[in-house]
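**Q** Pasting a structure here, questions to come.
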Amino acid sequence: MTLTLGLILPQGLIAQSTSEPVQTNNAIQLDSKAAPDTQIRRRIVELLGEIEGFDKIGVGVSSGVVTLSGEVLDNPRQTQLTTMIERIDGVVAIENQTVVNGRLEERLDSAFSRLKERSRNIIANAPIFFVAMLVFVMISAFGWLVTTRLRIWQRLAPNSFIAEVYSAVARIAFIILGLVVALDILNATALLGAVLGAAGVAGLAVGFAVRDTVENFIASILLSLRQPFRPNDFVEIAGDMGTVARLTSRATILISREGNHIRIPNATVFKGRIVNYTRDANRRFEFQLGVDADADLAAALSIAVEALQSLPFVLRDPSVGAWVEEVGDSNVILTFTGWVDQTRSSFQKARGEAIRTAKTALESNGFGLPEPIYRLRVDASTAATLLPVSDQPSQQSPAPEPRRVPDAAETPLPAASDPGRVEDANEEAAARERNAPDGGGDLLSEGQNAE
């Protein structure tokens, strides 16, 4: 027997395409145990009468198969209808033939009803929302006070840059704490996971977009903590040599010997090879001199070493070194080394004076410093064109007399070459760079131990 509550569908309905009948998970029982169709229909009608928006639904039941007709407000309600009926015991399948109501006034009435309901909910929850906002503002304000007014970060951090990083991290932590407490008051902590997830995805995208900037920033933090060099250190980084002026949040500033500013990204500095020439005050110089191949090499080494040891700026410990480097084409190469204290002597001038002293000592003791010797082969065809000196024209001006070179002992060393005169022009330029109004701060600290 089929019982149907018939309804005449009005004009203007939008037909909803129906699919195959929905098969439920309920067991198909024998006739003796099966629930009567009238009971199933009565139960469905009672449920639909209690739910707003399902008052225009026709219900028919035959052998446990429920046929639905009529109109609903929207597609979600159509799906809700099927889901609800398939839970009723005895329902074998559902054939949902309902359509979505297309009349504008009814759709608007439903939207206005939902808007009024939500407005009532907002007004009812306004006090608790106000309390949650007040708690969030209070925690955030307390975090701002702790991170900006109090000077605890300067005591914990090795320099001002790291103190600002600590302060920023603490400020973010207070904001997140305030947000968690506020959402907990509103009983909406589940929303926090969605917000943090979206923020994580956005942060990952931004991180890839500004990867170089982030890399330089992290390298700046690590360099300021480890400090592989100090202000005014003479270093070589990525092939560039100069005096360290300052370390900023993006780059390391060097002053070259020529007075030029060199900016090297901190990521390159952190990953690159750093040679610090002033980390140790003692520095070794090295130079080579050539003597005649038939000279007494042991005597030449002894004379040059004695001359180097007599220089006041050459350290006694470590001692002077000397050895035969190699036999050249026309001479024998001798290598000499010595150490100087860079805090009291100019390294370049000390090396130059050591070369001059060793060369003078060898020449004064009869050791020649020969120049390269080349053999010239003249063919017979070109020999006829070469005239002896006596056959040259007489009108040619006589060769000038060679200029007398003063003895090395007679010529005083100029002040500009004095090894004891340490030039500090680069250090003065580095100091001006650090004190510039637009310098942007310096992450290097004199009081912090260098790595």
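**Q** Could you grab me the full set of residues in the stretch 356-375 that are open to solvent by 50 Å² or more (accessible area, probe 1.4 Å) and in a helix (DSSP H, G or I)?
**A** ARG356, LYS359, GLU363, SER364
**Q** Further, regarding this structure: List the strands (runs of 3 or more DSSP E) that sit entirely inside the stretch 207-322 and contain at least 3 residues that are open to solvent by 60 Å² or more (accessible area, probe 1.4 Å), at pLDDT 90 or above and over 27 Å from PHE161 (Cβ atoms).
**A** The qualifying strands (runs of 3 or more DSSP E) are 282-291.
**Q** Taking ASN232 as the residue in question, decide whether it is of a type outside the set (A, V, I, L, M) and touching an Asp or Glu at 6+ places or on another chain (Cβ under 7 Å).
**A** When the stated conditions are applied, ASN232 passes them.
The values are calculated or read from the model by the stated rules, or taken from the named source; none is laboratory data. Not measured: the values here are computed from a predicted model. Quick reminder, even Gly has a Cβ in these numbers, built from the backbone with ideal geometry, and neighbours come from all protein chains shown. Note: areas computed on protein heavy atoms with side chains; ligands, DNA, RNA excluded. Shrake-Rupley method; radii C 1.70, N 1.55, O 1.52, S 1.80 Å.
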